[in-house]
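Contents: one structure, followed by commentary.
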Amino acid sequence: MAKQKRHLSKNQEFDIMKLVLDKFLLLGVLIMVFGLVLIVGTTQNFFMGFAVLVTGVILMIIFAMILVKEYHFLQN
């Protein structure tokens, strides 16, 4: 017998996507905190800490862009 695939509704897909993107949000915050610790902790690693902080900011911006794009997809 052939099994039928179960399809998720748009709301269910969006809820699953929020769970996954929440992990990206947590990762971005942790990277930014680590960069801040490098900046404040030692003076010789200022530029390394700043680079890590900027990486966290870029990850957060990507997170926001994906979330807004999917939110607009859900409204249509």
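What the table shows:
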quantity	calculated
37 °C / 0.692 mPa s Stokes-Einstein diffusion coefficient of the chain, Kirkwood radius on C-alpha pairs, µm²/s	225 µm²/s
Helical contribution to [θ] at 222 nm, DSSP H n ≥ 4, -39,500 (n - 2.57), averaged over the chain, rounded to 500	-29500 deg cm²/dmol
Helix 10-41 axis, angle to the chain major axis (alpha carbon atoms, nearest 10°)	10 degrees
Pairs of lysines in the chain (C-alpha under 22 Å apart; 8 or more residues apart or interchain)	5
Unit charges at the beta carbon, dipole of the chain: most positive-side option, Ile16, Phe47, Ile31	Ile16
Cα-centred dipole magnitude for the chain, charges only on beta-carbon of K, R (+1) and D, E (-1), debye, nearest 20	400 debye
Proximal charge balance of Lys10 [Cβ under 13 Å; K/R count +1, D/E count -1]	-2
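No lab work stands behind these numbers, since they all come straight from the coordinates. Since the model is a prediction, treat every value here as computed from it, not as a measurement. Positions of Cβ are backbone-derived with ideal geometry, glycine not excepted, and every protein chain shown enters the neighbour counts.
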